[in-house]
Amino acid sequence: MTKINKRLIENIISLFTIKGLEYILAFITFPYLVRVLQVENFGAVVFVQGIIQYFVLFTDYGFNLLGPKEIAQHDSIKERGKIFASIFCAKLILLLISTIVFICMLIGAKYINDIDIILYSVVYLMVIGNVIFPIWFFQGIQQMRYITIVNIIGRFLSVACIFYFVKAPSDYILAGLFQAIVPLIAGICSWIILWKKYREVFILPKFKNVKQVFIDAWEIFTSTIAINLYTASNIVFLGLLTNNTIVGYFSGAQKIIQNINQLISPVIQAIYPYVSKTASNSKNDALKFLRKIVLILGGGNFIGSILIFIFAEWIVDILLGAGYEQSVLLLRILAFLPFIISLSNIFGIQTMLVFGMKKQFNKVLLSAAIVNTVIVLPMIYFYQAIGVSVSMTITETFVTLSMYYILRKNNIDLIRGKY
């Protein structure tokens, strides 16, 4: 086994440790929160998290995909330091802009609606945490064990606080706070590791380099905006057109799907820098590797999706409990998303971005955002949570099929093994 394959396996194991732990903790805290907060307050927290996700998206600016790729393709310490300093400086600039906009939003909204400023403020800590947590750097140098360590620390502190302090529906602000601080704690811990192990990255960035990373990440940023328009924005649309109770029913089903998707994210995160580096040496070797990933992840997720569909009622009863019966149908509608999304991730991020198809990738996601927006608003109006669930499934299917079609036009067929 080659050295790089050993490192890839180590990184996958490290990320599986994180996600496995997150999965276990989610199975403990998620059912606890939906029961303690009850449908309305749980829906309120999820709705605010959906709003704050826009600020997370803005401050990420595509750097979480650009960073690992750029760092993985440069072995020079000097080059890696330049990339790190430039990206982190750019993220700080975006954080400053984001915070000013956020404060103005709170001040303006207070005069229009009776919003919960405290809840919004504590959940906004998630934005700060995501900015200071350079997960993209550790992905790029393929040292995922550090991410494992700091995430474990953050997750355990979060869960401990949730069980100790969140006891009643009125504690929904604390629930939002303790979920938001995970990346903040992980970020603080990661900087201790950076200072001890990678002090060479602490250099002053140059203006031209900061400007360049903004330019390089622009297409990825616009594509992530499009992704957000047909994923996280649906929660916001649902909350604006209905109420927190309906958001709670939908969020319960969606959270189950998200937790299942988290099981495959370790592989996805670990292979991205590996595929980027492999492709720079041999396109054919990278495509052969991706073909194996399609068969393993695609097959596994297809079986998993069938099981979710069949046992949806049992899953909802165990994880969500009484009062969430309306989430059963929603979960069945969303059941095949783990299979569909795993394929679109491999076709899009792992293949199209790595092989220079940024413009085509961007067009697919922008088209999906338009399709979703056209479908979801009338579907919510007429069918509420059922409508948004159907819209999500249609849109994700559209994305996967479009990416597959484009790859075939470029003589890449990861399903049939032709390239």
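Before moving on, here are some points about what is shown:
- Of the residues making up region 199-225, those that are among the aromatic types (Phe, Trp, Tyr) and in contact with a Phe, Trp or Tyr (Cβ under 8 Å, 6 or more places away or on another chain) are 202, 214, 221.
- Take the conditions (1) without any contact (Cβ under 8 Å) to a residue 24 or more places away in the chain; (2) within 24 Å of residue 139 (Cβ to Cβ); residue 303 misses just one of them, which is (2).
- Residue within region 258-280 that is modelled with pLDDT of 85 or more and in contact with a helix residue (DSSP H, G or I) (Cβ under 6 Å, 6 or more places away or on another chain) present: no
- The lone criterion from (1) in contact (Cβ under 8 Å) with a residue 12 or more places away in the chain; (2) among the hydrophobic types (A, V, I, L, M, F, W, C); (3) open to solvent by 10 Å² or more (accessible area, probe 1.4 Å); (4) under 29 Å from residue 93 (Cβ atoms) left unmet by residue 123 is number (3).
- Criterion: in contact with a Phe, Trp or Tyr (Cβ under 7 Å, 6 or more places away or on another chain) and of a type outside the set (D, E, K, R) - qualifying residue of 259, 243: 259
- Selected residue (only one of 181, 132 is over 22 Å from residue 72 (Cβ atoms), without any contact (Cβ under 8 Å) to a residue 60 or more places away in the chain and either crowded, with 16+ Cβ neighbours inside 10 Å or not aliphatic (A, V, I, L, M) (or both)): 181
- Residue ID - most open to solvent (accessible area, probe 1.4 Å), chosen from residues in region 345-401 that are among the small types (Gly, Ala, Ser) and in contact with a Ser or Thr (Cβ under 8 Å, 6 or more places away or on another chain): 367
- Residue 415 farther than 30 Å from residue 39 by Cβ, at pLDDT 90 or above and open to solvent by 10 Å² or more (accessible area, probe 1.4 Å): no
- Residue in region 75-94 that is under 20 Å from residue 119 (Cα atoms) and among the hydrophobic types (A, V, I, L, M, F, W, C) present: no
- Among the residues of region 295-302, none qualifies, meaning not one is touching a Lys or Arg at 6+ places or on another chain (Cβ under 7 Å) and either open to solvent by less than 70 Å² (accessible area, probe 1.4 Å) or under 22 Å from residue 56 (Cα atoms) (or both).
- Any chance residue 205 is surrounded by fewer than 18 Cβ atoms within 10 Å (Cβ to Cβ) and touching a helix residue (DSSP H, G or I) at 6+ places or on another chain (Cβ under 8 Å): no
Results for (1) surrounded by fewer than 19 Cβ atoms within 10 Å (Cβ to Cβ); (2) at pLDDT below 90; (3) among the hydrophobic types (A, V, I, L, M, F, W, C), shown as yes or no for each residue.
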site: 5; (1), (2), (3): yes, yes, no
site: 25; (1), (2), (3): yes, yes, yes
site: 41; (1), (2), (3): no, yes, no
site: 55; (1), (2), (3): no, no, yes
site: 114; (1), (2), (3): yes, yes, no
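- Selection of region 65-87 for residues being more than 22 Å from residue 223 (Cβ to Cβ) and either in contact with a Gly (Cβ under 9 Å, 6 or more places away or on another chain) or open to solvent by 20 Å² or more (accessible area, probe 1.4 Å) (or both) yields 74, 75, 76, 77, 78, 79, 80, 82, 84.
- Selection count, region 223-246, where residues are open to solvent by 20 Å² or more (accessible area, probe 1.4 Å) and not aliphatic (A, V, I, L, M): 7
- Verdict on residue 150 being of a type in the set (Val, Ile, Thr), in contact (Cβ under 8 Å) with a residue 24 or more places away in the chain, buried (at least 18 other Cβ atoms within 10 Å of the Cβ) and in contact with a Gly (Cβ under 6 Å, 6 or more places away or on another chain): no
The values are calculated or read from the model by the stated rules, or taken from the named source; none is laboratory data. Remember, it's a predicted structure, so these values are computed and weren't measured experimentally. Glycine gets a Cβ as well: all are built from the backbone with ideal geometry, and neighbour counts include every protein chain shown. Note: areas computed on protein heavy atoms with side chains; ligands, DNA, RNA excluded. Shrake-Rupley method; radii C 1.70, N 1.55, O 1.52, S 1.80 Å.
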